[in-house]
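The values are calculated or read from the model by the stated rules, or taken from the named source; none is laboratory data. What you are looking at is a predicted structure, and each value in this text was computed from that prediction instead of being measured. Positions of Cβ are generated from backbone atoms using ideal geometry, with glycine treated the same way; all protein chains shown enter the neighbour counts. The accessibility values were calculated without ligands, DNA or RNA, using every heavy atom of the protein model including side chains. Shrake-Rupley method; radii C 1.70, N 1.55, O 1.52, S 1.80 Å.
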Amino acid sequence: MNLAQLFGPIVGGALYQVGGFHMPFISMGLLQVVMAFAGFPFMPEYDDTQERGRTGDGRGARRVTICKIFSIRTIWFSFATFIVATISNGFLSINLEPQVLRKFSLTPLYVGLIFGLKDGANSLASPIWGYFCDKSREKSVKPYIVLSSIFA
């Protein structure tokens, strides 16, 4: 996802420059549909019988569903952080382009490059956060979630 945030605006700007307004949406939408169908056969089945074997609860096989995932209370904190960060990023992007970048008469490719660099800062920070979270896996990663939410 971080690479998409970094290269998405650049590729979108280049496609806009080549084919106009509709070109980035059509080409990226088609690519996304093709990739979804291409990746579907590689999705693994999840079997939690080995996990329960370690805990010894002895219940029958259960299915993991999206509703069960949403029932985890702590996951909503991450969702809320993601929503706030997306809204903030969208607000910044909408106001940055007409107020600042149009004054310089930049081509769509350069506008995409600037937005890609802005969003690409996340690409640089993610490996650092990942290192700290992996290092403290025996403990809890909740302090890192709270700290990153405050930063967002």
>> I'd like to check one number: the per residue accessible area of segment 1-41, probe 1.4 Å, reported in Å² as a whole number.
In response: 76 Å²
> In the chain, what percent of the accessible surface is made up of carbon and sulfur (1.4 Å probe, ligands and nucleic acids excluded)?
Replying inline: 71 percent
>> Can you tell me, using C-alpha contacts under 8 Å and at least 6 residues apart, the relative contact order of the chain as a whole percent?
In response: 50 percent
> In debye to the nearest 20, how big a dipole does the chain give about its Cα centre with +1 on each Lys and Arg Cβ and -1 on each Asp and Glu Cβ?
Replying inline: 380 debye
> What range in the chain is the longest one free of trypsin sites (Lys or Arg not before Pro) that are in a loop by DSSP and have at most 16 other Cβ atoms within 10 angstrom?
Replying inline: 74-136
